[in-house]
Every structure is written in C-alpha cells, then in structure tokens.
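Each remark here refers to the structure printed beneath this line.
FYI, it's all coordinate maths here, none of it is from the lab. It should be emphasised that the depicted structure is a prediction, and the values quoted were computed from it without experimental measurement. Cβ coordinates were reconstructed from backbone atoms using ideal geometry, including for glycine residues, and neighbour counts include every protein chain displayed.
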C-alpha cells in the first residue's frame, strides 16, 4: 500500500465526497460510498495506480457500487407495520433547491447517468462503458431523467416555488 | 427550457458550494485502517483455504493409499486337477467332475436333502446323467470304485450309463469298458 495511497486519499477525499453527495443525494450515504470504494481500491492499489486517472477509476467504482446497492435494496419486503422513519439530523443545505429535490427523486440509475454526463462530462459512449450497459440504454435513461426533471421543475414553478 | 436545464445542472454540479462535504480530520486514517483490515481478512481466508486444501489432499491420499491394502488375501492355491494316467494311444482322459468319490465327513446337509457325500461304490441316487452307451468315458477315480467299469488306469467303477455325462469344462471323453469282468 505505502504512503502513496495515503496521499491519494488525502488529496482526492474532498472531491470524492462531493461526487458521492451528488450521486446519492445525501452527504452521509455519499461518505459511506466513498469509504467503501476507497477501501476496495486500496486493496489493489498497485494495479490501480498504473491507471492514467485513478480518481476517475474511483468515481466509476462509486457509481457501480451505488447502483449495486440500489439493486439489492429495491427488493421490497412487505411488513405488517411501517418501519420507523429515520430522522435526518442535519438537513442538506440544498433542501430548498428545486432542482436538487427533483434530482433526489430520480431512480439511482437515472441519477447516475445525469451525474456522469453533467458532473464528469462523459459522453454517452463513455457512460455506457462505465455502467456496463448499451448506448441505447444510456440514451433512454437520460431522456427519462431529463423529462422527469423538467416535469417536476414545471410543477414547482406552477405551485409558486422558488426557482 | 432544455438549455436552461442543462446549464442549471452544470452549475449545480460544478459550482454550487452547497454540494461540498467537509471531510473528517481522520478520514484518511479510517480508510487506511479499513484497507488493512480487509487485507488481513483476505490473508486469513487464503490461509484457511490453503490449510483446508492441504488437509483434504492428505486425507484423500491416505484414503487412496489404504485402499486395497486393508486385507491380506490368502495365497493362491493351484487347483488340484486330477491328472489322468491315460496315454494318447488309448484315448483316455480325465473328467473334472465329481466322479471322484468324496469322503468328507464333516459335510452337513439339511434334513431330507440328499447327502453331500457318499461312500465309494454306492451309486449316486441323485445323479441324472445320461451317457450314450457308445460314448466312452474315461475317468480317474481315487479310491476303489466298485467293479463293473474299469478304466485304463486299472480302476473300476460301476457301469452306470446315467453318470457319464461329459463335463462342461472338458471335451467329450472316452471310457473303455471292460467286459471281461
């Protein structure tokens, strides 16, 4: 492992936390995602360090881990009583941002496509490679995500929300 | 609207400071500790798997090495095939049948069952052998068979045409019957 991985973690941590926040819509889930991805990368750091851009590699690992976690959690189990709703101790500073609220309501895969496109600036082909899906899937997911965002922003404006 | 949305998304992701998350002071140490813990777990799993594989190989090897050595088989005995004393010119041979009288004294038999041994000289009542009268059978008997049939070796046996069926293990044989008796 060595000190080089420690230096990498210290240097890339702020940007990765921001990326995780954008990806998950929650700073705490984002921090968990960053920690898990960095631990996995650190176990094979010798092979990752040869990659041209290790930060981009970690970001893609975060996207895949986030979607995998969503796939595991989406299998709902019916219960007799509704579970307790956790109280967010520190509401996000973006809670009053309509665009952010609309983004948080998107399914994880659609949100990941939006983040990869507008945060990372990746093309459709690169997004398809990162997510392991076809280019058509990326197109359809992007189209659905943008349509949903527009619809929710229009509703917010119609209701007199802050834009 | 579409261009506005694209611009808004880019502004939010790249410029909005509210998206920043302050890292803990020991965040890097937490990550490095997790990496070390994961490496230890992987090493322990690898060692456990290797040890299990070695034990498995040893057990399988011991099992295969012991297979077939468990019981010593008794030494093989050469079958005591009675040899005939006939000569090729006389055309006699020796059947490998129970024509040889057996005098086993410890043979047991079920009640009502025919005895497994009989005294030489007594005809076997259970024998159902049909031998053509013209088919000569040469037998070699141990003991003193009753008179009536004489083999080339000088022994005689009762003339019983039903007892001279050729054995399945031997070829048809000839019996030289002595009518001079």
Return the FRET efficiency for the residue pair residue A:47, residue A:69: r is the Cβ-Cβ distance, R0 is 22 Å, and the value is rounded to the nearest 0.05. 0.40
With an 8 Å cut-off on Cα pairs and a minimum separation of 6 or more residues, tell me the relative contact order of segment A:93-163 in percent. 39 percent
In cubic angstrom per residue, the convex hull of segment A:93-163 built on its Cα atoms measures 81 Å³
For labels at residue A:96 and residue B:24 in the simple 7 Å Cα→Cβ model, what's the distance in nm? 3.0 nm
Which of rounded, prolate or oblate describes segment A:22-61 when judged by the alpha-carbon gyration tensor and an a/c cut-off of 1.5? oblate
For chain A, diffusion coefficient by Stokes-Einstein and Kirkwood Rh (Cα), 37 °C, 0.692 mPa s, µm²/s: 188 µm²/s
Taking only Cα atoms, what is the 0 to 90° angle, nearest 10, from helix A:27-43's long axis to the longest principal axis of chain A? 20 degrees
Of A:19, A:57, A:119, how do they rank once you tally other Cβ atoms within 10 Å and put the fewest first? A:57, A:119, A:19
Ranked on Cβ counts within 10 Å of their own Cβ, fewest leading, B:7, B:16 go B:7, B:16
Enter the angle in degrees (range 0 to 90, nearest 10) between the Cα long axis of helix A:54-73 and the first principal axis of the Cα atoms of chain A, meaning the one along which they spread out most. 50 degrees
16 Å cut-off, amide nitrogen to a point 7 angstrom out along residue B:40 Cα→Cβ, residues in segment A:35-60: A:43
Figure the gain on full extension for residue B:51 and residue B:3 (residue separation times 0.36 nm, minus the Cα-Cα span) and round it to one decimal in nm. 11.0 nm
Can you tell me the mean projection area, over all orientations, of the convex hull of segment A:1-75's alpha carbons? Units nm², please. 4.8 nm²
Can you give the angle from 0 to 90° between the axis of helix A:135-158 and the longest principal axis of chain A, with both taken from C-alpha atoms, to the nearest 10? 40 degrees
